[in-house]
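S.K.: First the structure, which I've put down as structure tokens, then a few questions once you've had a look.
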Amino acid sequence: SNLAYNNGTWKINENGLYSDATDKGDAFLVSEVTGKNFVYQTDIKFDSDKGCAALVFRSNNELSTKEAYAVNVNAENGNVKFWRWQANNANQLIAEKTVGKADTYTLKVVAYNEWILYYVNDQLVASLGDYTLQRDDLGQTTILTSGYFGLLNFNSKVTFQNTYYKEFDDSFNPLLSNITVETDKG
């Protein structure tokens with residue numbers, strides 16, 4: 001509820017949340033729901049073979065001075081990106097990757113403080129905050145720690161389904177501690 005959009009057509013139908021932004025550029029759907037540490041996920045089915053669809057999170061919901069993260073998938077080639085808007089400038093956070101074409105894509109973000117993991121169809125494609133897991137992490141000097149959830153359609157016809165978020169409570173702590181690594185020196 002209380003969803004707002006800035007461009008294109010957004011409507012709920014029997015298949016989910018349908019968006020048509022053909023030749024309209026960025027079409028944002030923004031919510032009044034905010035989150036700090038969470039899992040945020042949606043299923044995407046493209047109704048055209050062009051454009052991109054994305055999850056937007058930790059956003060300020062100000063389209064003229066965007067501060068937000070976004071992860072997307074491209075309908076034409078199955079490539080994925082992860083970027084951050086800072087003062088309305090889009091900065092890529094990873095090198096673009098190919099996950100391949102599919103009938104449906106499940107995009108999922110797991111965000112916990114500075115750690116942000118991005119999955120496509122349950123495959124980890126980006127891990128910010130750990131250089132050993134994400135060697136092509138292009139870095140950021142600051143982090144957005146909370147903000148609004150939204151969706152983005154870029155020049156496509158797309159249906160979003162099963163969109164949800166789950167906030168982690170203060171008892172959740174995925175970090176390991178007191179780890180010892182031993183080797184056989186023999």
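The values are calculated or read from the model by the stated rules, or taken from the named source; none is laboratory data. Here the structure is a predicted model, which means the values were calculated and not measured. With ideal geometry, Cβ positions are generated from the backbone for all residues, glycine too; neighbour counts draw on all protein chains shown. Heads up: the accessible areas ignore ligands, DNA and RNA and are worked out on the full protein's heavy atoms, side chains in. Shrake-Rupley method; radii C 1.70, N 1.55, O 1.52, S 1.80 Å.
S.K.: So Asn6 clears everything in (1) touching a residue at least 60 places away in the same chain (Cβ under 8 Å); (2) surrounded by fewer than 17 Cβ atoms within 10 Å (Cβ to Cβ) except one condition, right? Which one?
M.R.: So Asn6 meets the others, but not (1).
S.K.: Cβ-Cβ below 9 Å, separation at least six or inter-chain, first residue in segment 109-123 and open to solvent by less than 30 Å² (accessible area, probe 1.4 Å), second of a type in the set (D, E, K, R): which pairs?
M.R.: The qualifying pairs are Ala111/Lys36; Ala111/Arg58; Ile116/Arg58; Tyr118/Lys108; Val120/Lys97; Val120/Lys108.
S.K.: Do you know which of the residues in segment 73-108 that are basic (Lys, Arg) and not in a loop (DSSP other than H, G, I, E, B) is least open to solvent (accessible area, probe 1.4 Å)?
M.R.: Within segment 73-108, the match that is least open to solvent (accessible area, probe 1.4 Å) is Arg84.
S.K.: List, please: which pairs have Cβ atoms under 9 Å, are six or more places apart or on different chains, and start with a residue in segment 57-76 that is more than 24 Å from Tyr112 (Cα to Cα) and end with one that is aliphatic (A, V, I, L, M)?
M.R.: Pairs that qualify, where the first residue is more than 24 Å from Tyr112 (Cα to Cα) and the partner is aliphatic (A, V, I, L, M), are Leu63/Val30; Thr65/Ala87; Asn74/Ala53; Asn74/Val80; Ala75/Ile44; Ala75/Ala53; Ala75/Val158.
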